[in-house]
Amino acid sequence: MKQILQSLKTGATEVAEVPCPAVKRGQLLIRSSQTLVSAGTERMLVEFGKAGWIEKARQQPDKVRMVLNKIKTDGLMPTLEAVFNKLGQRLPLGYCNVGVVMEVGASGQGTVDGDRPWSASLFVCFVSFVV
C-alpha cells in the first residue's frame with residue numbers, strides 16, 4: 001500500500017510503499033478512494049522538521065520539560081536515544097477519507113465488508129488506509 005510519510009527530523013515528505021497493516025480488534029481496513037491532506041497541518045510539520053534543534057525546543061517547551069525529567073530518571077544516553085528515535089520516525093499524513101471496508105476486526109459492530117465509511121478522525125491509528 002502507498003502512504004504519505006513525513007520526517008520529523010528533516011521535514012521531508014515522501015510517498016512510500018508500506019506493508020498492509022493487520023486488522024486488530026475494533027479496527028477497520030479501508031481501501032481509500034478519496035483522502036484529504038490538510039495543507040495547514042502538514043505545512044506546520046514540514047516547518048517543524050526543517051527547524052534546528054533549538055527552534056524545535058522553542059516550539060515545544062512541554063516536550064523539553066519531559067526530556068529534562070527523563071534525563072533525571074533514566075540518564076542522559078537513554079534519553080538521547082529515545083529523542084533521536086522519536087525524531088527518526090516518519091509520520092503518516094492525511095486524516096479524512098472515504099472508501100470501502102475490506103476487512104473488519106473483531107467487535108466491528110454494524111460494519112461489514114463492502115460498506116462505504118468515511119473518517120474525519122485525527123487519530124489515524126483507528127483506521128488503516130489502503131490505496
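The values are calculated or read from the model by the stated rules, or taken from the named source; none is laboratory data. Note that this is a predicted model, so its numbers are computed, not measured. Glycine gets a Cβ as well: all are built from the backbone with ideal geometry, and neighbour counts include every protein chain shown.
Would it be correct to say that residue 67 is touching a residue at least 12 places away in the same chain (Cβ under 8 Å), farther than 15 Å from residue 12 by Cα and either in contact with a strand residue (DSSP E or B) (Cβ under 9 Å, 6 or more places away or on another chain) or surrounded by 14 or more Cβ atoms within 10 Å (Cβ to Cβ) (or both)? Even if it seems obvious, please write down each step before you answer.
Details: touching a residue at least 12 places away in the same chain (Cβ under 8 Å): yes; farther than 15 Å from residue 12 by Cα: yes; either in contact with a strand residue (DSSP E or B) (Cβ under 9 Å, 6 or more places away or on another chain) or surrounded by 14 or more Cβ atoms within 10 Å (Cβ to Cβ) (or both): yes.
Here the answer is yes, as residue 67 does meet what is asked.
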>> Tell me the residue from 36, 76, 29 that is farther than 26 Å from residue 11 by Cβ and under 17 Å from the mean Cα position of the chain (by Cα), please.
In response: 29
>> So in segment 1-36, with the set limited to residues that are within 19 Å of residue 86 (Cβ to Cβ) and among the small types (Gly, Ala, Ser), which one is surrounded by the fewest Cβ atoms within 10 Å (Cβ to Cβ)?
In response: 16
> For segment 71-106, which residues satisfy the criterion of being part of a loop (DSSP other than H, G, I, E, B) and free of Cβ contacts under 8 Å to residues at least 40 places away in the same chain?
Replying inline: 75
> Within segment 42-52, can you find the residues that are under 16 Å from the mean Cα position of the chain (by Cα) and either buried (at least 17 other Cβ atoms within 10 Å of the Cβ) or in contact (Cβ under 8 Å) with a residue 40 or more places away in the chain (or both)?
Replying inline: 42, 45, 46, 48, 49
> From the list 93, 87, which one is surrounded by 13 or more Cβ atoms within 10 Å (Cβ to Cβ), modelled with pLDDT of 80 or more and closer than 25 Å to residue 11 by Cα?
Replying inline: 87
> Among the residues of segment 70-80, which ones are closer than 21 Å to residue 49 by Cβ and loosely packed, with under 12 Cβ neighbours inside 10 Å?
Replying inline: none
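Quick grid of which residues meet (1) part of a loop (DSSP other than H, G, I, E, B); (2) farther than 16 Å from residue 94 by Cβ:
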position	(1), (2)
3	no, no
10	yes, yes
19	yes, yes
24	yes, yes
34	no, no
47	no, yes
62	no, yes
>> Given the criteria in contact with a Lys or Arg (Cβ under 9 Å, 6 or more places away or on another chain), more than 30 Å from residue 106 (Cβ to Cβ), loosely packed, with under 15 Cβ neighbours inside 10 Å and among the aliphatic types (A, V, I, L, M), does residue 39 qualify?
In response: no
